[in-house]
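*Asks:* The following block contains the structure, expressed as structure tokens.
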Amino acid sequence: MKLDILAIGVHPDDVELGCSGSLLIEIKKGKKAGIIDLTQGELGTRGDATSRAAEAKKAGEILGVSVRENLKMRDGFFKNDEEHQLKLISVLRKYRPDIIFGNILDDRHPDHGRAGHLISDACFLSGLVKIKTTDSEGNDQEKWRPKYVFHYLQDWYHEPDLLIDVSDFFEQKMKSVEAYTTQFHVEGQIQEGAETYISTPDFLQSVVARARMLGKRIGVKYAEGFISEKKIGLKDLDALVLMET
Ligand SMILES: [Zn+2]
């Protein structure tokens, strides 16, 4: 199955927090999108691999993605090396996405930055014909290089290269985030386990505040921000948000 867009996150919930509004826009337009979680988030203070997998499945259904796979790399200890790059290249060649949403390149959680670089490197290397990979049935895969890798903002602020207006889908985005009941503060839900950096009401409020702040930059209510290592080309000016700012 060819996908138009593949969103990759090192922890289940990274995609929901970082770029699910933009994914929803494209899915609504009929584009095929998928999510790859690199790890099961098994080192998270709350929840475990099983509960987080169930939450990820539910969140994926809320977003309407066509596929969601978990590569089961080691949370906290995976590397950006040949073994991990080949694993990801095989997935890129399987789904042949044109656009990648991936983790940011530098962040509070070291996994995020390491994953961001792993994603960028794998996307480039996947286009080299002499790097051989096989699919699950042992057949040789053809080279494939996504055309854009957009790194979504996570905890630390980075000045974005691209802002996407997600105002119409913000409510649905937050519903996908709230599917992670073990991780975040969800109104009316009983919280189990120790409080963490992301489990307080403050954390989700900061997610909303960030989206409001980014939205303000382009004159809309909510936006998601992305870093692009290469220049972004538009076919025409219809994609521009025309607001006075
Ligand atoms: Zn994360």
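The values are calculated or read from the model by the stated rules, or taken from the named source; none is laboratory data. Bear in mind the structure is a predicted one, so any value in this text is a computation, not a measurement. Cβ placement follows ideal geometry from the backbone for every residue including glycine, while neighbour counts extend to all protein chains displayed. When the accessible area is computed, the model is the full protein with side chains, heavy atoms only, and any ligands, DNA or RNA have been set aside. Shrake-Rupley method; radii C 1.70, N 1.55, O 1.52, S 1.80 Å.
*Asks:* Just give me the residues in the stretch 107-150 being among the basic types (K, R) and either closer than 15 Å to L38 by Cα or away from the ligand (no atom under 16 Å from the Cβ) (or both), in sequence order. If you could, list the steps in order and put the result at the bottom.
*Replies:* We begin by selecting, within the stretch 107-150, every residue among the basic types (K, R); these are 108, 114, 130, 132, 143, 145, 147.
Across the stretch 107-150, the qualifying residues are R114, K130, K132, K143, R145, K147.
*Asks:* If only one of S51, S90, S22 is at pLDDT below 95 and open to solvent by less than 50 Å² (accessible area, probe 1.4 Å), which one is it? Step through it out loud before you land on a result.
*Replies:* Details: S90 fails: at pLDDT below 95; S22 fails: at pLDDT below 95.
After applying the criteria, what remains is S51.
*Asks:* Among the residues of the stretch 38-48, count how many are of a type outside the set (D, E) and surrounded by fewer than 17 Cβ atoms within 10 Å (Cβ to Cβ). I'd like the intermediate steps shown before the answer.
*Replies:* Step one: list which residues in the stretch 38-48 are of a type outside the set (D, E), which gives 38-41, 43-47.
Filter once more, so that each one left must be surrounded by fewer than 17 Cβ atoms within 10 Å (Cβ to Cβ): 43, 45.
Residues flagged as of a type outside the set (D, E) and surrounded by fewer than 17 Cβ atoms within 10 Å (Cβ to Cβ) within the stretch 38-48 amount to 2.
*Asks:* Would you check which residues across the stretch 54-87 are open to solvent by 50 Å² or more (accessible area, probe 1.4 Å), under 30 Å from Q141 (Cα atoms) and among the small types (G, A, S) and list them?
*Replies:* S66
*Asks:* Considering only the stretch 158-193, state which residues are in a loop (DSSP other than H, G, I, E, B), open to solvent by 60 Å² or more (accessible area, probe 1.4 Å) and touching a residue at least 12 places away in the same chain (Cβ under 8 Å). Walk me through it before giving the result.
*Replies:* Applying the first criterion (in a loop (DSSP other than H, G, I, E, B)) to the stretch 158-193 yields 158-161, 166, 179-193.
So of that shortlist, the ones also open to solvent by 60 Å² or more (accessible area, probe 1.4 Å) come out as 159, 161, 187-190, 192-193.
If the condition is that a residue be in a loop (DSSP other than H, G, I, E, B), open to solvent by 60 Å² or more (accessible area, probe 1.4 Å) and touching a residue at least 12 places away in the same chain (Cβ under 8 Å), then D161, E192, G193 are the ones that fit.
*Asks:* Out of the stretch 6-19, which residues are open to solvent by 10 Å² or more (accessible area, probe 1.4 Å) and either touching a strand residue (DSSP E or B) at 6+ places or on another chain (Cβ under 7 Å) or away from the ligand (no atom under 16 Å from the Cβ) (or both)?
*Replies:* Passing the criteria: only H11.
*Asks:* Filter the stretch 118-134 down to residues that are under 21 Å from A7 (Cβ atoms) and not hydroxyl-bearing (S, T, Y) and give me whichever is most open to solvent (accessible area, probe 1.4 Å).
*Replies:* Looking at the filtered set, the residue picked out is F124.
*Asks:* Any residue in the stretch 83-106 that's farther than 22 Å from K32 by Cβ and among the acidic types (D, E): show its pairings with residues that are within 16 Å of the ligand (Cβ to nearest atom) and open to solvent by less than 50 Å² (accessible area, probe 1.4 Å) at Cβ separation under 9 Å, as long as the two are six or more apart or on different chains.
*Replies:* Hits for this filter: D106/H112; D106/G113; D106/G116; D106/H158.
*Asks:* Anything in the stretch 194-218 that is under 21 Å from the mean Cα position of the chain (by Cα), in a helix (DSSP H, G or I) and surrounded by fewer than 21 Cβ atoms within 10 Å (Cβ to Cβ)? List them, or say none. Before you say what the answer is, go through the steps one by one.
*Replies:* Within the stretch 194-218, the first condition is being under 21 Å from the mean Cα position of the chain (by Cα), and the residues that meet it are 197-199, 203-215.
Next, only the ones that are in a helix (DSSP H, G or I) stay: 203-215.
Across the stretch 194-218, the qualifying residues are F203, L204, Q205, S206, V207, V208, A209, R210, R212, M213.
*Asks:* If you don't mind, another one. Identify the single condition in (1) outside any helix (DSSP H, G or I); (2) of a type in the set (K, R); (3) at pLDDT below 95 that K2 does not satisfy, given that it satisfies every other one.
*Replies:* Here K2 clears every test but (3).
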